[in-house]
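Data first, discussion second: the structure below is written as structure tokens.
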Amino acid sequence: MRPRTRSSVPYLQRVLFATMLESSTEKPVIRVAVFSAQPHDKHFFNCVNQECFQSLHAELVFHTSPLSKETAALAGRCDAVCVFVNDCVDEDVLQLLLDQGVRGVFLRCAGFNNVDLKAAKKLGLFVARVPAYSPEAVAEFAVALILTLNRRTHRAYNRVREGNFDLSSLLGFNMHGKTVGIVGVGKIGLAAARIFKGFGCNLLAYDPYEVDEFKALGAYTTFENLLQQSDIVTLHCPLLVSTKHLISRASLMNLKWGAMLINTSRGGIIDTAAVIDALKSGQIGALGLDVYEKEAGLFFVDHSSDIIHDDVFQRLLTFPNVLVTGHQAFLTGEALTEIAETTLQNLQHFAHGTACSNALVGGDAI
Ligand code: NAD
């Protein structure tokens, strides 16, 4: 349920801002500090801003640094910040932003586990996200991880380039007839289910909220039964207090021996130390990760000349049956266009004081 209350001062600031936009002949520019900005963010946001949102007069100020207490000052003279999955948006950071005049936080992603929504509400800030963007982008990437791990195309690629045509250790299995367990059947889980159905897989799902669309493709079951029955388990639930370390030492005891585990959702859903032990014992037959619980500060940056100090992460990379990618499941042109469009639409609602259905805090019409 969307929180409805706001503290009065930022509310009045928003009213004032919206009124200025309406009455001024020369529209004020709304300045947005975009944190953790990668070249693809700059490209897609600038294109969409110039092509579709000229009347918004948004000035996007791109910063490669992630948002933190140390970098919050970069948002000085900005009305809003735009953040991504690993930016720190806790109470201290929100307070620092507000002190500089920032009134809106715009997530350019679906998950919002890194934002203290309670604090944002208390401070009267507006927070909005992009709840849906091309769920197929992430679902298809989960399938890419599965097929690569199964048929070892990553190893075959390297072998053939070195003139090694030996087929040993490349043995895979048919997807057809295998049971896939989907944890979290929301937009991405459903998109994944449709693809697996096309392969001829049997589908099981665990989700506290059941939808008819999945019932036409497979069967809902308990989390324990899903782990016991599935040859492949793929995680598509959000990171919440209730899903933190859902894959733990205890739950892994239920996993079918040698099953494949895939996580394209959020790193914190998996207890990495427990998963490493399960890989060592053979309980987990293969592991595909696009997310990692300590990915902040590691992913999205070229560390190829650095010493990586995270020994748990480094241990993961030593397994031949583990494939790790750096949070790239969303990275398609279609998804990036939709992310930029929805973020700028959210910004437009914020600037004009109109109701924003993607708001997590604030967002009622003023
Ligand atoms: P969604 O909100 O449409 O679906 C999430 C589903 O999880 C819902 O059906 C919900 O009922 C279910 N759920 C909630 N608690 C659960 C629990 N305890 N056990 C099982 N299911 C539970 O979200 P979505 O758009 O499908 O995205 C899912 C997640 O994927 C996001 O929260 C985000 O963390 C992640 N994601 C990752 C990338 C990436 O690039 N790797 C990109 C986008 C989203």
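See the values below:
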| quantity | calculated |
| --- | --- |
| Within region 208-244, tally of residues that are in a loop (DSSP other than H, G, I, E, B), away from the ligand (no atom under 11 Å from the Cβ) and of a type outside the set (Ser, Thr, Tyr) | 4 |
| Scope region 24-67; condition outside any loop (DSSP other than H, G, I, E, B), under 27 Å from Leu331 (Cα atoms) and among the polar types (S, T, N, Q); matching residues | Asn46, Asn49, Gln50, Gln54 |
| Search result, residues across region 322-366 that are surrounded by fewer than 16 Cβ atoms within 10 Å (Cβ to Cβ) and touching a Gly at 6+ places or on another chain (Cβ under 8 Å) | Ala355, Ser357, Ala365 |
| Counted residues, region 236-261 - those being under 21 Å from Phe112 (Cα atoms), in contact (Cβ under 8 Å) with a residue 40 or more places away in the chain and of a type in the set (A, V, I, L, M, F, W, C) | 4 |
| Filter result (touching a residue at least 40 places away in the same chain (Cβ under 8 Å) and either within 13 Å of the ligand (Cβ to nearest atom) or out of contact with any Ser or Thr (no Cβ under 6 Å at 6 or more places or on another chain) (or both)) within region 138-168 | Val138, Ala139, Glu140, Phe141, Ala142, Val143, Leu145, Ile146, Thr148, Leu149, Asn150, Arg155 |
| Region 97-111 residues that are over 30 Å from Lys187 (Cα atoms), paired with ones that are basic (Lys, Arg) and surrounded by fewer than 20 Cβ atoms within 10 Å (Cβ to Cβ) (beta carbon under 9 Å, 6 or more apart) | Gln100/Arg77; Gly101/Arg77 |
| Matching entry among Gly297, Gly326, Gly267 (being more than 11 Å from the ligand (Cβ to nearest atom), of a type in the set (Gly, Ala, Ser) and in contact (Cβ under 8 Å) with a residue 12 or more places away in the chain) | Gly297 |
| In region 175-190, residue surrounded by the fewest Cβ atoms within 10 Å (Cβ to Cβ) [restricted to those that are in a loop (DSSP other than H, G, I, E, B) and near the ligand (Cβ under 9 Å from one of its atoms)] | Gly186 |
| Residue selected from region 191-207 under the condition within 14 Å of the ligand (Cβ to nearest atom) and closer than 22 Å to Leu255 by Cα, by the criterion farthest from the chain's Cα centre (by Cα) | Leu204 |
| Criterion: of a type in the set (Phe, Trp, Tyr) and buried (at least 19 other Cβ atoms within 10 Å of the Cβ) - qualifying residue of Phe319, Phe299 | Phe299 |
| Evaluation of Val291 against (1) away from the ligand (no atom under 16 Å from the Cβ); (2) more than 13 Å from Leu227 (Cβ to Cβ); (3) buried (at least 21 other Cβ atoms within 10 Å of the Cβ) (one fails), failing number | (1) |
| Region 346-362: number of residues that are of a type outside the set (Val, Ile, Thr) and free of Cβ contacts under 8 Å to residues at least 24 places away in the same chain | 2 |
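No lab work stands behind these numbers, since they all come straight from the coordinates. On a predicted model such as this, the values are computed, not experimentally measured, just so you know. Heads up, the Cβs are rebuilt from the backbone with ideal geometry, glycines too, and the neighbour counts pull from every protein chain shown.
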